[in-house]
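Trainee: Here it is: the structure, laid out below.
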There are 2 protein chains.
Amino acid sequence: MQVSPVTGIDRCVETRIDEGRVESVAASLVSLDEAVDLAEMFRLLGDPTRVRILYALLEAGELCVCDIAAVVDTNETKVSQAMRLLRSAGAVRNRRDGRNVFYRLDDAHVRMLLDLSREHLAHTVGDD
Amino acid sequence: MQVSPVTGIDRCVETRIDEGRVESVAASLVSLDEAVDLAEMFRLLGDPTRVRILYALLEAGELCVCDIAAVVDTNETKVSQAMRLLRSAGAVRNRRDGRNVFYRLDDAHVRMLLDLSREHLAHTVGDD
DNA sequence: AGTATATCTTCACGTCTGTGCAGGTTTCTC
DNA sequence: GAGAAACCTGCACAGACGTGAAGATATACT
């Protein structure tokens, strides 16, 4: 990599393919803060267990930890830890009823992403 | 956590809140393989730098590494590594033109997720 | 009060990930 | 061919992450 003698950082020296377009795109680009928030949300969905849990909730509406573990075919510890993450991120909401704690989706954006991605799965033949 | 004396695994012993619904939801749940694929895709978007890069490409259509680094305000190494990940995952496609390598989005699903998420950003006032 | 069930938390461990640095490759220009 | 520019790769390392074990808490039932 080449370090610019001008700026001192490893970036193309000063030639831009299209300086105007670079500025234009940079101006309309999502801010770093927005990107961090978005990435955080996508990261929630970046784990198979969490994805399945969320799809189970999308389908069932509301499920207790016990049943989530059964549906997703995993243990309660995994579910509990996943729920803590999802809860603190605002993706799900919980409600206690006796010994059971019921979870449900609580984020329209997450719900939308799941919904559309499931459709995408259905339309995908087998190419990946 | 309580280990079931029957099954030996740490799961609610045998009482289900609703056995029928559990089976029903489990039957229509995305498979583990599908969940792994989906999670892998979401994981691509689970990093602020990659998110911004992808949005830059969504906006610009095509950009060289040099300009991507300028737009996203980062160094070429980061961009290169990010592009390798995105490329091997099939999210972007590259084209060489002289000294420059141009990248563009190459995945309809990713494009859709980005598009809808940007709309979501626009509609979000400030609550997160 | 005592026990069992459901859920949560803490801790520790192995692995994955993002990052910077240094060097390598390809292409263009002189 | 020499040098510069754009891009890529390998390495090392700190930090984050997913996981399981063990114990704690909360609620129900007798």
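Trainee: For B:Arg118, state whether it is of a type in the set (Lys, Arg) and either in contact with a helix residue (DSSP H, G or I) (Cβ under 9 Å, 6 or more places away or on another chain) or surrounded by 14 or more Cβ atoms within 10 Å (Cβ to Cβ) (or both).
Mentor: So B:Arg118 passes the test.
Trainee: Is one or more of the residues making up the range A:21-31 of a type outside the set (D, E, K, R), surrounded by fewer than 20 Cβ atoms within 10 Å (Cβ to Cβ) and under 15 Å from the mean Cα position of the chain (by Cα)?
Mentor: Looking for residues that are of a type outside the set (D, E, K, R), surrounded by fewer than 20 Cβ atoms within 10 Å (Cβ to Cβ) and under 15 Å from the mean Cα position of the chain (by Cα), one finds none in the range A:21-31, hence no.
Trainee: Across the range B:84-121, what is the number of residues that are near DNA strand D (Cβ under 8 Å from one of its atoms) and under 16 Å from the mean Cα position of the chain (by Cα)?
Mentor: Result for the range B:84-121: 2.
Trainee: With respect to B:Arg43, determine if the residue is within 13 Å of DNA strand D (Cβ to nearest atom), modelled with pLDDT of 85 or more and not hydrophobic (A, V, I, L, M, F, W, C).
Mentor: yes
Trainee: Give the residues of the range A:61-81 that are crowded, with 23+ Cβ neighbours inside 10 Å and either assigned to a helix (DSSP H, G or I) or more than 8 Å from DNA strand C (Cβ to nearest atom) (or both), sorted by residue number.
Mentor: A:Leu63, A:Asp67, A:Ile68, A:Ala69, A:Ala70, A:Val71, A:Val72, A:Val79
Trainee: Could you check B:Phe42 against (1) farther than 21 Å from A:Val110 by Cβ; (2) more than 8 Å from DNA strand C (Cβ to nearest atom); (3) not hydroxyl-bearing (Ser, Thr, Tyr) and say which number it fails?
Mentor: Tallying (1) farther than 21 Å from A:Val110 by Cβ; (2) more than 8 Å from DNA strand C (Cβ to nearest atom); (3) not hydroxyl-bearing (Ser, Thr, Tyr), B:Phe42 fails exactly one: (1).
Trainee: In addition: Looking only at residues that are facing another protein chain (nearest Cβ under 10 Å) and not in a loop (DSSP other than H, G, I, E, B) in the range A:84-109, which one is farthest from DNA strand C (Cβ to nearest atom)?
Mentor: A:Ala108
Trainee: Inside the range B:25-51, can you point out the residues that are within 7 Å of chain A (Cβ to nearest Cβ), within 21 Å of A:Gly61 (Cβ to Cβ) and aliphatic (A, V, I, L, M)?
Mentor: B:Val25, B:Ala26, B:Leu29, B:Val30, B:Ala35, B:Leu38 - these are the residues of the range B:25-51 that are within 7 Å of chain A (Cβ to nearest Cβ), within 21 Å of A:Gly61 (Cβ to Cβ) and aliphatic (A, V, I, L, M).
Trainee: If you don't mind, another one. For the range A:66-83, give me each residue that is more than 12 Å from DNA strand D (Cβ to nearest atom) and more than 7 Å from chain B (Cβ to nearest Cβ).
Mentor: Listed by number, the list holds a single entry, A:Ile68.
Trainee: Another question, then. Among the numbered criteria (1) open to solvent by less than 30 Å² (accessible area, probe 1.4 Å); (2) facing another protein chain (nearest Cβ under 7 Å), which single criterion is violated by A:Leu57?
Mentor: (2)
Trainee: Counting only residues that are touching an Asp or Glu at 6+ places or on another chain (Cβ under 8 Å) and either of a type in the set (Ser, Thr, Tyr) or touching a residue at least 24 places away in the same chain (Cβ under 8 Å) (or both), which one in the range A:82-94 is surrounded by the fewest Cβ atoms within 10 Å (Cβ to Cβ)?
Mentor: A:Ala89
The values are calculated or read from the model by the stated rules, or taken from the named source; none is laboratory data. Just so it is clear, the structure is predicted and the values come from calculations on it, not from any experiment. In this analysis, Cβ positions are derived from the backbone assuming ideal geometry, glycine residues included, and neighbour counts consider all displayed protein chains. Surface accessibility is based on the protein's heavy atoms, side chains included, excluding ligands, DNA and RNA. Shrake-Rupley method; radii C 1.70, N 1.55, O 1.52, S 1.80 Å.
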